[in-house]
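**Q** The structure that follows is given in the form of C-alpha cells.
The values are calculated or read from the model by the stated rules, or taken from the named source; none is laboratory data. Since the model is a prediction, treat every value here as computed from it, not as a measurement. Reconstructed Cβ throughout: ideal geometry from the backbone, glycine too, with neighbour counts over all protein chains shown.
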Amino acid sequence: MRPRELEKGTTDKILDEFFHKLEEINTLRELKEAKKEVLRKLFQVSFERKKLPLVGIIGEIYTVIDPEVNFHIEKKLGELGLEVHRDLTLSYHLLKRIFFTDFFIQRKIYPYLKSTVGGHGRDAIFEMLKYSKKNFSGVIQLLPFGCMPEVTVRPILLKIHQKTGIPFLSLSFDEQTARAGLETRLEAFADVVKNYFDKKKI
C-alpha cells in the first residue's frame, strides 16, 4: 500500500462534475458512459510520487491480514506517510505448504533458530532478516496476546533489530487493546522510522 499525493484541486473538480452528472443520468448506458469518462479524466491526472520510508509487517497470519483485528494498521501507517509491505497473505501461506518453502526458510534462519516453534514464528524471523537487508526503514510484528510462537521469536527479532539498527515495534492484540494507545505508539514509531530513513539518505 503506497500513499500517493494527487493534484487535489483537479481530482475534486472531476469528481464534483461526475456527481452532478449522476443526478441527470436516467439509463444504465448513460451511467456506463459517465463512468468511462470520469475514469479517463482521472487517469490523466498527474501523480506526485515521493520516495517514502518502507515498513514491513510480520507476525501471526490472522492478526496480520485481518484489518478488523489489527485496527486497520496498514491504512493508519499510510496516513502517517509510510509505505507498507507484507509478504504474509493467505495465498502465500497456501503456496508455501504446496512448495515446501518451510525447509528453505529453516535453512536461512538456522543461525537464529535451530528448531521449529510452530505458527508463523519462522516466517517472522525470515522476513525480518530479509527486510533488514533490503531498503526497509522499519518492521512491525503483529501478534495475538499470548501467542506462544510469536512471543518465543520476539527476542530473536529484537536481536536482529539491535544488530542491524532497523527500527522494530512489536504489537499484541486482544479485546482490551485500545485504539488511542495503539495510534500513539504508531505515531511515535513513524517518527523513528522517518528519522532512520532520512539518515540513510545522507
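**Q** Residue by residue through segment 101-126, note down the ones that are more than 20 Å from VAL139 (Cα to Cα) and touching a strand residue (DSSP E or B) at 6+ places or on another chain (Cβ under 7 Å).
**A** Result: no residue meets the conditions.
**Q** Further question: May I ask you to say which residue of LEU77, LEU95 is within 30 Å of VAL117 (Cα to Cα), without any contact (Cβ under 8 Å) to a residue 40 or more places away in the chain and assigned to a helix (DSSP H, G or I)?
**A** Numbers: LEU77 fails: without any contact (Cβ under 8 Å) to a residue 40 or more places away in the chain.
Within the list LEU77, LEU95, the selection yields LEU95.
**Q** Another question, then. In segment 50-69, what residues are surrounded by fewer than 22 Cβ atoms within 10 Å (Cβ to Cβ) and either at pLDDT below 95 or part of a helix (DSSP H, G or I) (or both)?
**A** LYS50, LYS51, LEU52, ILE61, TYR62, ILE65, ASP66, PRO67, GLU68, VAL69
**Q** Hand me the list of helices (runs of 4 or more DSSP H) wholly inside segment 102-202 holding 3 or more residues that are assigned by TED's automatic domain parsing to the domain that holds GLY78, modelled with pLDDT of 90 or more and surrounded by fewer than 16 Cβ atoms within 10 Å (Cβ to Cβ).
**A** In segment 102-202, the matching helices (runs of 4 or more DSSP H) lie at 148-164, 179-201.
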